[in-house]
Structure formats: structure tokens, C-alpha cells
Amino acid sequence: MRSGAGPRRARSASAVVAALLLVAVPVDAWQAPSPPTPPLFASHEPLDVTLSADFDRLEADRLASPDRPSTLLVTGPDGASIRIGAELRTRGAFRLDPTNCSFPPLRVDVDGGDARGTVFEGQDNLKIVSSCRPGREAYDRLVLLEYLAYRAYGVLTDVSFRVRLARITFHDESGQQTPATRVGFFIEEDEALGERIGATAFELAEGKNLPVSAFEPSSAMTMAVFQYVIGNPDWSDVAAHNVEIFDRGGVAIAVPYDFDFSGLVDAPYATVDPDLGLRSVRERLYRGWCWNDLVAAGVLQRLREGRERVLALVEDLEGLDGTVRSRAAAYLREGFSDLETDERARRRFLRDCRAMPS
């Protein structure tokens with residue numbers, strides 16, 4: 001097992017820019033041959049898993065995030081239960097604050113030897129998203145809606161994090177908490193996504209920004225338009241805020257994560273940056289850069305073609321009640337409506353875009 005998220009290629013922003021090729025080829029078209037899909041992400045069927053650890057200690061790990069011993073209990077191919085050794089640690093920022101969430105977000109580091117032959121074979125460091133306020137049904141719905149956002153981005157572009165929905169039984173080995181089963185999902189690790197797209201996770205130095213010109217235009221605009229559709233202004237590609245940056249031959253590829261501050265999820269703890277002039281998290285603001293017409297044409301066409309597949313995800317996702325499902329579908333249709341015609345798209349995504357820094 002690895003104790004961290006793994007090595008990253010350390011490159012300066014100037015090195016990324018120096019090798020940049022500003023072309024309008026969709027980023028998916030540049031992909032290296034993709035490795036076989038690992039078992040965990042080969043299906044969208046909810047996975048049943050028991051996660052055992054001293055959750056009483058983990059919930060206290062707010063200022064530091066030491067590895068805590070744990071086990072995953074899964075069903076093997078023959079139907080027998082298999083125990084997989086693992087280590088758990090807390091992660092995140094906003095949701096790690098106990099005033100925002102009573103249960104912290106987690107990352108699980110799986111023992112590769114134990115996982116052989118199971119659905120977790122080939123996995124290592126996985127983020128886990130689950131209810132941050134256990135026992136409140138409304139917070140379970142937030143998990144499903146954020147999962148929906150990840151799945152929606154995945155049907156629009158392969159340059160996205162894979163996710164797997166799960167019914168996770170949390171078993172507290174300290175005996176202080178009663179075992180409880182909650183909805184959650186696992187998120188593909190950075191290195192696995194990098195391998196799929198032929199790139200390496202890029203660690204941006206704290207307080208530094210990448211220049212806009214470092215980014216591959218199609219992936220940057222695809223992400224920005226998608227964030228508009230789901231009503232999420234809580235991101236920055238240049239500052240790597242809720243965006244993972246991958247370096248592919250000197251070209252920066254932006255991949256979004258953490259959608260809980262979006263209008264689609266509409267979490268009760270979500271707030272809007274007053275500097276953006278928004279009145280609520282349901283109000284949309286396009287925060288993408290002003291790419292050229294050729295880039296925009298390809299991106300907008302791709303998202304138009306993906307609209308019905310995204311809406312189908314809403315209808316197919318189990319666990320959403322009728323009111324939440326209808327509200328989510330209506331919100332997404334409203335977001336996609338600005339892509340329907342060239343004139344509406346031009347007004348929204350080419351006129352209201354952010355000017356490139358000189």
C-alpha cells in the first residue's frame with residue numbers, strides 16, 4: 001500500500017507553456033490506448049461493501065490525517081465474503097470542518113495483495129464520498145446528486161473521473177457507534193485517470209497559478225460549459241481549485257471534481273462567493289475563458305449530443321424520489337437550453353466569457 005497519493009511529475013508553469021500546442025482537437029482524441037477497465041468501474045450497479053475501522057478516532061482526525069487500519073468486506077466471485085486489508089484517512093477541506101460536516105470525507109488505501117480477484121483488484125488510493133451528516137435522509141440525496149454530476153461529466157467526456165455507487169456499511173470497531181448502511185461512492189484515483197489519458201497528475205505549487213494558455217482548449221471549455229450547466233461556480237482551472245490538472249506532453253488538461261456547491265446538488269451548507277454577484281447557488285454564471293469560435297463549435301456540439309444521455313441518467317438513478325428527480329431534470333434542461341441554438345450559445349459562452357489575460 002502507498003501512504004500517499006503517489007508521485008507526481010514536478011514541472012514549472014513555464015515548462016508547461018513552452019510545450020503547449022494550441023489546437024482545437026478534442027482532448028479525448030489525443031488519448032493514449034486506454035488500459036482495460038478495472039472491475040470496480042466496469043459496472044454502474046451499486047456495490048455492497050462493509051468498511052470497518054475505529055470511526056470514533058477517524059472522526060477526531062480533523063487537523064491531521066494519519067492512516068488508520070481498516071478492512072473492506074466484499075463478496076467474491078464465488079459468493080463468499082472476502083476481507084481486504086486497508087488504511088483509512090480523512091481528507092478534504094470544507095467538509096473536514098466539523099461545523100460543516102459531522103462525518104469527514106475519507107480516502108481508502110487498499111492492500112493490493114488482499115484485493116486480488118475481487119472488485120477492488122488494481123485499486124489503491126480511492127476517495128469515498130458519503131453523507132457528511134449521517135442519519136439525515138436529505139444528506140443521502142446530496143450524495144446521489146453529486147454522484148449524478150460525476151456520471152454526467154463522464155458521458156460527455158472520457159477525460160473525467162470514474163465513479164462507482166455503493167451501499168457502504170460503516171462498522172465502528174471502537175463500539176461507540178452503531179453499524180449503519182449509507183449510500184456513497186468511490187472515485188477513481190488520479191494516477192489511474194492519468195494512465196487512461198496518457199498524462200501525469202501535475203502538482204501546482206501553493207499560491208501559484210498556471211497561465212490560461214497552458215490549457216488544452218477543448219478540455220478547458222468542456223469543463224467550463226459543464227460547470228455552467230450544473231450551476232457550479234466553485235472552481236478555478238488556473239488555480240487548480242476543485243480541478244485536477246494533468247500534464248500531457250506539456251499541455252495542461254483540466255478535470256473537475258467536488259460538485260457539492262453546484263445548483264444541481266444544492267447542498268444546505270453551500271454558499272456563493274459574494275464577489276461573483278450571485279444571489280443563490282441555483283443561479284448560474286459562466287466562468288470559462290474566451291476560446292476561439294472553432295474550439296467553441298466543437299465543444300458545444302459535443303455537449304448538445306450528450307444532453308439526452310445526461311437526462312437519461314437522472315431517470316435511471318435509483319434512490320431519488322419523484323420530486324428530487326423532477327427538480328434535477330428540470331435544472332439540467334434549463335442549463336442545456338443555453339446550448340440549443342448557435343445564437344444563444346454565442347451570447348452565453350462567447351460574449352459572457354472571461355477575457356484571456358494579456
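The values are calculated or read from the model by the stated rules, or taken from the named source; none is laboratory data. This one's a predicted model, so the numbers in the text were calculated from it and none came from an experiment. Cβ: placed from backbone, ideal geometry, glycine included. Neighbour counts: every protein chain shown.
Tabulated values for the structure
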quantity	calculated
Members of the stretch 214-273 found to be small (Gly, Ala, Ser), assigned to a loop (DSSP other than H, G, I, E, B) and within 30 Å of ALA138 (Cα to Cα), listed by number	GLY231, ALA240, SER262, GLY263, ALA267, ALA270
Residue in the stretch 308-342 that is farthest from GLU146 (Cα to Cα), counting only those that are of a type in the set (Ser, Thr, Tyr) and loosely packed, with under 15 Cβ neighbours inside 10 Å	THR341
Answer residue from the stretch 348-358, given it is outside any helix (DSSP H, G or I) and either in contact with a helix residue (DSSP H, G or I) (Cβ under 7 Å, 6 or more places away or on another chain) or of a type in the set (Phe, Trp, Tyr) (or both) and is modelled with the highest pLDDT among those	MET356
Index of the failed condition, ALA345 passing every other in (1) surrounded by 18 or more Cβ atoms within 10 Å (Cβ to Cβ); (2) part of a helix (DSSP H, G or I); (3) among the small types (Gly, Ala, Ser); (4) within 23 Å of the chain's Cα centre (by Cα)	(4)
Test for LEU278: is it assigned by TED's automatic domain parsing to the domain that holds GLN227, crowded, with 17+ Cβ neighbours inside 10 Å and without any contact (Cβ under 8 Å) to a residue 60 or more places away in the chain	yes
Lone unmet requirement of (1) crowded, with 19+ Cβ neighbours inside 10 Å; (2) of a type outside the set (Lys, Arg); (3) touching a helix residue (DSSP H, G or I) at 6+ places or on another chain (Cβ under 8 Å) for ASP234	(3)
Residues of the stretch 216-235 satisfying the condition of being under 14 Å from the mean Cα position of the chain (by Cα) and of a type outside the set (A, V, I, L, M)	PHE226, GLN227, ASN232, ASP234, TRP235
Qualifying residue in the stretch 102-110 (condition: within 20 Å of the chain's Cα centre (by Cα), farther than 15 Å from ILE168 by Cβ, crowded, with 22+ Cβ neighbours inside 10 Å and not assigned by TED's automatic domain parsing to the domain that holds ASP321)	yes
Residue selected from the stretch 111-149 under the condition over 20 Å from GLU45 (Cβ atoms) and hydrophobic (A, V, I, L, M, F, W, C), by the criterion surrounded by the fewest Cβ atoms within 10 Å (Cβ to Cβ)	ALA138
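Let's see how each residue does on (1) within 15 Å of the chain's Cα centre (by Cα); (2) buried (at least 19 other Cβ atoms within 10 Å of the Cβ); (3) not aromatic (Phe, Trp, Tyr):
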residue: GLU189; (1), (2), (3): yes, yes, yes
residue: VAL238; (1), (2), (3): no, yes, yes
residue: VAL251; (1), (2), (3): no, yes, yes
residue: TYR269; (1), (2), (3): no, no, no
